[in-house]
Every structure is written in structure tokens, then in C-alpha cells.
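Each reported figure results from applying straightforward, stated rules to the coordinates on display, with no laboratory input. No experiment lies behind these values; they were computed from the predicted model shown. Virtual Cβ from ideal backbone geometry, glycine too; neighbours counted across all protein chains shown.
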Amino acid sequence: MSEIREECGVFGIFSKSTYDIARSVYYGLFALQHRGQESCGIVVNDNGLFASYKDAGIVNDVFTPEVLESLGQGNIAIGHVRYGTADEKGRTNAQPIVVNHIKGRMALANNGSLTNYVELREKLELEGHIFHSTSDAEIIANILTLERIKTASIEDALNNAMHIIKGAYSLAVMTATKLVAARDENGIRPLCYGETEDGTYVIASESCALDSAGAKYIRDLKPGEIVVFEKEGIRSITDHCNKRTPSLCVFEYIYFARPDSIIDGVSVHEARLRAGAFLATEHPVEADVVIGVPDSGIDAAIGYSRQSGIPYGVGLIKNKYIGRTFIAPKQSDRETLVKIKLNPVSSTVKGKRVILIDDSIVRGTTGKKIVKLLRDAGATGIHMRLASPTFLNPCYYGTDIASREVLLACNHTIEEMAKIIGVDSLAFLSIDNARRLACPEGCANYCLACFDGIYPTEIYATQRKKKYDFRIGETNQ
């Protein structure tokens, strides 16, 4: 249970005209590739006929020119990128999910994790439902289908379903005539939309993906909001808005999102610069150069350098063809990838006291190997600074560290962690300044549960065993 699970990306397009829409979704998913490298999928709607394809692998490998051609033309489409775990790897949990029911067809893609997954699945199974995966999206699709059969529209069904599903979710739902986006009442996972010059609407987990489709960012969905895109225009349903305190996952700013994205009106790049500046103020140290671990540590390193006056240097070069070690499914994969992913720039670090900035420490294995690379390259001292507080708690909203036992900070003091990783000093961003990353005035409307243990929603008792008890191929004896 040591893997970080299920951060994903969703993308959708609604156009008034039919065109090679799968290619546009392909570009959008490519822009969201950092959010998931385990599997991906696209569903295209051409006048009510759905063409779909999904498989394990990254976007560029799965969607060959031949596959994109086979998806045909259409005017509505959704796509999804996902990362998985050793237990859930492969095609089985790939999205989007396509459902045929008595009132028509529906496709659904989700980013997030339901806190009442176990209760809902057990209830549905006892009612005769059959599941083919362990994904939250399949639970949502089942509930949404049940509600759709009883209601006049997909948006009414989704409105009802949002009374039932709990936790974190950002949804892209497609029918024969509509594209519908929805965000959970806390707004834990991001979701935004934009518009192109010709009136095509685009939804995405991050604003950086809107650019790939030539869409201008309009705004993020409000927590609890449902937005309907149809030929008559846009409609917003706010029945679930303002029911809970907004609680966007602060780790979106620290690590997940691309720095060129805007989330809930805040630049990710600016938030990371702010993190570095806070670190320099909180944890100063004498050194010769500040370097960042590519990619998510670079902006914070620049912020630290600006605040401290210590020069910034490029100390590590990333192999751009290697995916994130953080989301590699197996521990052995992560360790091997580090060796070929990063290479030190000796001229920057040799004979220097180095301040090394990274986004976080989860298990410490990656940091330990990076420090060794820098030592071998001639660094005379290494002071590590993290642009986040210490990881101390499981997350139940999609970044699913399922046990405190795997977290280095839960088992060691900071001094012990420094010794394990091999640095001269180690320090983390404070909780108070983490709350200020996206809101310098000190807004508290962010989820920092993995750091402070304060969860913005109810955590069901069964959630602690979670859905992994439903692993495919296992039976209860």
C-alpha cells in the first residue's frame, strides 16, 4: 500500500460543428500527461454514435495515427489520463467509462476519489450490479445511470447523484447532445473551462490544457457547480454550491499541476515562487548556490534565491523522456528511474555549498539518490529545503497514501530524516505558510489534510480499508 494513487486528468470538448475532434482531445490529454501515465482514453460522439478507445500507456503511444483515425469525426468528446498502482495497472481501470441504458448513451471521466466508495459499492452489489473495475468512475456511472432513468435530463440525474456520492470528484460527462462538467462541493480537485474563437467549449483539469485546443480560459467551476454545454449555450446549476467550505487540495500548487496553469484564479508558478520565498525566510542557511529538483522544485528554488540573495543555478538536468518517479507504480521502478532521469551539472555544484529545493518528501528514497548524485558531482555541502510541510497523514481524495507507515516523517524526526537522506540540514515549509501559497493574506480554504490531519469531509470508517479490498480477481471466502 505504499504507492501514491489515482491522480488523474479529464478533458472535454463541445463543438457546434463536426470535425476531427479526437485529435483535439489528444492534444489536450498530451498537455495533461503529467497527471497520469498509466492509461488513457478518448470517447467521441458523432450524432449519438459513440466511438471509444482506451489502453494502458502514455498518450503518444496509445493514440497512434491509425487509432485516432478510427475514432472518426464528431462534435462532442471526452478524454482521460490516469496513473495506477501495481495492483491496478493496465487497461481494466482506464477511463472514460461508456454506459448504454434505456434512455441512451453516456460516457464519463473522473478525477478524484469517493470517501463512501465501499458503502456505495457494497450497496450496489447487493442490488445486483456487476463491476468490472475498482475505479470510482464506475461507481459514479452506476449511480448516475440509476438517477438518469428516473429523471428528465443528465444534469438532473447528476444533481441527484451529487447528494449520494461523497468525497473528491471532478467529472466530465457526455451524452448524445450535451457535455456536462461537475465539481464536488468542496472543490478538492480542479476543473475549469474555456472557449475558442468559433464558440467551441473546452473543459479541463488544468488551464494549460485549454491552450492546446486554442481555447481562452474563462473560469474554474465553483465547488459544487454543474455546468451544461449544449447547442443553445451554457447553463450553470448551483444547487450544491456554498454548502461546504472550499477545500482545494494544496498539493495541486505544490506538485501536481503544471506551473503554467491557473487554478481557482491563482497562478501555480506564482504559488511555487511564494513557497520558495517562505522557505528562505523560515529556514535560512549559508550557501553558494540554490538549485531545484526538476520540474516542480525549480520555481520554488527561484523563489528561494530571490528572497535570500543566494544565486540560482541549474544543478540537475532532467531526461525529458522519463515520466515522474512519484507516479511510477512500483518502488523498484521508481528507484531505477531516478538513476536515468536526473544528471547533475558538475560545474554548478562542484566545490559548492548547495541548497537543494524539492516539492516534498514522501518515502525519502528519491531524495536520497539525488543527494548521492550531487555528492558524487563534488558538492561540499547539501542543505535540503522542502516546499511543503511534512507528510503525516493518509489522503482519501485521490492522492491516496493509504498508510502512515510508508511516510518517512511519521517514523523519524527531522534530524533522523536528514541523516537517512544524507543532507547536512533539512527543513520543511510550515503549515501556516502552506495555507498562504495561493492566498498570501492567509486564507484557510485549502485541504492540507495530508499535512495537518484536518479532513474537509467525513471519512467513513470503511474508507480506511478503502476500495483495494475489491481488487480484481480476488474473492471473499
Top positive-direction residue, dipole computed over the chain with Cβ charges, set Ala152, Phe30, Tyr460: Phe30
Virtual spin-label span in nm between Ala176 and Cys439, 7 Å along Cα→Cβ: 4.5 nm
Expected-Rg normalisation [2.2 N^0.38 Å, Cα atoms] applied to the stretch 93-215: 1.08
Helix 331-341 vs. the chain, principal-axis angle (Cα, 0 to 90°, nearest 10): 60 degrees
Cα gyration tensor shape for the stretch 63-157, rounded if a/c is under 1.5, else prolate or oblate: oblate
Long-range HN-HN contacts of Leu221 with modeled amide H, under 5 Å: Leu191, Cys192, Tyr193
5 Å-binned pair-distance histogram of the stretch 8-247 (Cα, whole percent): 1, 7, 15, 21, 22, 18, 11, 4, 1, 0
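Under the rule a/c < 1.5 gives rounded, and otherwise a/b versus b/c splits prolate from oblate, where does the stretch 268-443 land using the Cα gyration tensor?
rounded
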Unsatisfied cross-links (Cα-Cα over 21 Å) in the set Lys150/Lys243; Lys352/Lys372; Lys54/Lys222; Lys103/Lys123: Lys150/Lys243; Lys54/Lys222; Lys103/Lys123
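Order by neighbour count: Arg272, Arg23, Arg35, Arg121, fewest other Cβ atoms within 10 Å first, most last. Don't skip to the answer; put the middle values down first.
Details: Arg272 28, Arg23 16, Arg35 25, Arg121 22.
Ordered by Cβ neighbours within 10 Å, fewest first: Arg23, Arg121, Arg35, Arg272.
Among Ile130, Ile370, Ile13, rank each residue by its count of other Cβ atoms within 10 Å, from fewest to most, as a rough exposure measure. Before the final figure, lay out each step's value.
Values: Ile130 7, Ile370 25, Ile13 30.
Final ranking by Cβ density, sparse to dense: Ile130, Ile370, Ile13.
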Gain in span if fully extended, Ile414 to Ser346, counting 0.36 nm per residue against the direct Cα distance: 21.7 nm
Distance between modelled label sites at Val67 and Glu119, nm, 7 Å Cα→Cβ extension: 3.8 nm
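Can you give the percent of C-alpha pairs in the stretch 9-141 whose distance is more than 24 Å? Walk me through the intermediate numbers first.
Working: 2554 of 8778 pairs.
Summing the P(r) tail past 24 Å for the stretch 9-141 gives 29 percent.
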Segment Asn319-Ile164, length gained on full extension (0.36 nm per residue, minus Cα span): 51.4 nm
0 to 90° range, to nearest 10: angle between helix 298-308 axis and the chain longest Cα axis: 40 degrees
Cα→Cβ-extended label distance, 7 Å offset, between Lys216 and Ala461, nm: 5.5 nm
Which labelled figure in (i) 0.97; (ii) 1.29; (iii) 1.17 is Cα Rg over 2.2 N^0.38 Å, once derived from the coordinates: (i)
Backbone HN-Hα couplings from phi across the stretch 266-276 [Karplus 6.51/-1.76/1.60, Hz, Gly and Pro as x]: 10, 5, 4, 4, 5, 5, 6, 4, 5, 4, x
Helix 136-150 axis, angle to the chain major axis (alpha carbon atoms, nearest 10°): 30 degrees
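Which of the peptides 136-142, 48-54, 426-432 is most tightly packed, and how do the rest follow, going by the mean number of other Cβ atoms within 10 Å of each residue? Before the final figure, lay out the partial values.
Working: 136-142: 24.4, 48-54: 16.9, 426-432: 18.7.
Ranked by mean Cβ neighbours within 10 Å, highest first: 136-142, 426-432, 48-54.
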Karplus-derived HN-Hα couplings along the stretch 378-395 (A = 6.51, B = -1.76, C = 1.60, θ = phi - 60°), whole Hz, x at Gly and Pro: x, 5, 8, x, 9, 10, 9, 10, 10, 7, 7, x, 6, 6, 10, 9, x, 10
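Using the Kirkwood radius over Cα pairs, work out the Stokes-Einstein diffusion coefficient for the stretch 405-451 at 4 °C and 1.567 mPa s, in µm²/s as a whole number.
Value of D from the Cα-based Kirkwood radius: 104 µm²/s.
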Extension gain from Arg244 to Leu392, taking 0.36 nm per residue of separation minus the Cα-Cα distance: 50.8 nm
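If you restrict to DSSP beta bridges whose two residues both lie in the chain, what percentage is antiparallel, to the nearest 5?
On the way: 67 of 84 bridges.
So the antiparallel bridges amount to about 80 percent of the total.
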All Cα pairs of the stretch 341-413, percent lying beyond 21 Å: 36 percent
